[in-house]
């Protein structure tokens, strides 16, 4: 209900209202067309509205898995408003993390675009040679950041998808073991029951042990699963690997 009220307020507050409404409703094609029409040619006189339009367009590209164009729009938006705050009721957590990542890794480009967007001075600046994209720029464009939703999958899948191999392997083994113990114990205990649903005098001690093993295994699996989810969702995304300088040559 709060999200709906917020969407209605935002929709009536500026020219960006239809684009916000289309994005929130999942109509990404209409949101993209509306935003591109507002930006090309520019129809937003306020700098804050233009910055929000770039970030909203970046969110649309991000949802369409077009990460290079999403990064470009994030750079443009942060160049206009470096202190832009993303509303968690409007943007998903993985996009907010993507914006924070671009803000850190592309700070030089954001600063350069901010300088280019400033009003011209009386004396024009000296021309600069265009810079070729660095290896780090090409690496970020080619990397597809995995969603943190993978951490909700048991057996360490989220950690393995995000490259955290050691912890993912440990969670896979421990969760798999506890789950197997619990399932096998429950299945064996149920198999010992007679047609009347009761255990015989000979099978009762074994059934009690199996029930205890089933409960212990189930609680252990639940605890390990909860730990894996919390550890993954609360972990910060690792920075992209940056190419280091070549090692110095050693003399003979």
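Multiplying the sequence separation of residue 211 and residue 30 by 0.36 nm and subtracting their Cα-Cα distance, what value in nm do you get?
59.5 nm
With the cut-off at 1.5 for a/c, could you classify segment 150-234 from its C-alpha gyration tensor as rounded, prolate or oblate?
The shape class here is prolate.
Based on the mean of other Cβ atoms within 10 Å per residue, sort peptides 60-71, 30-41 so the most packed one is first.
Packing proxy ranking, top to bottom: 60-71, 30-41.
Given a Förster distance of 51 Å, report the FRET efficiency between residue 40 and residue 166 from their Cβ-Cβ distance, rounded to the nearest 0.05.
Result of the calculation: an efficiency of 0.60.
Arrange 185, 200 by Cβ neighbour counts within 10 Å, fewest through most, would you?
Placing the least packed residue first, the sequence is 200, 185.
Cα centroid distance between segment 37-96 and segment 196-238, in Å?
46 Å
What order do you get for 155-162, 81-88 when each peptide is scored by the mean count of other beta carbon atoms within 10 Å, highest first?
Highest-to-lowest ranking by the protection proxy: 155-162, 81-88.
We did not get these values from a lab; they are worked out from the coordinates using the rules stated. The structure presented is a predicted model; accordingly, all values stated were derived computationally and were not measured. Because the Cβ atoms are built from the backbone with ideal geometry, glycine has one as well, and the counts that use them run over all protein chains shown.
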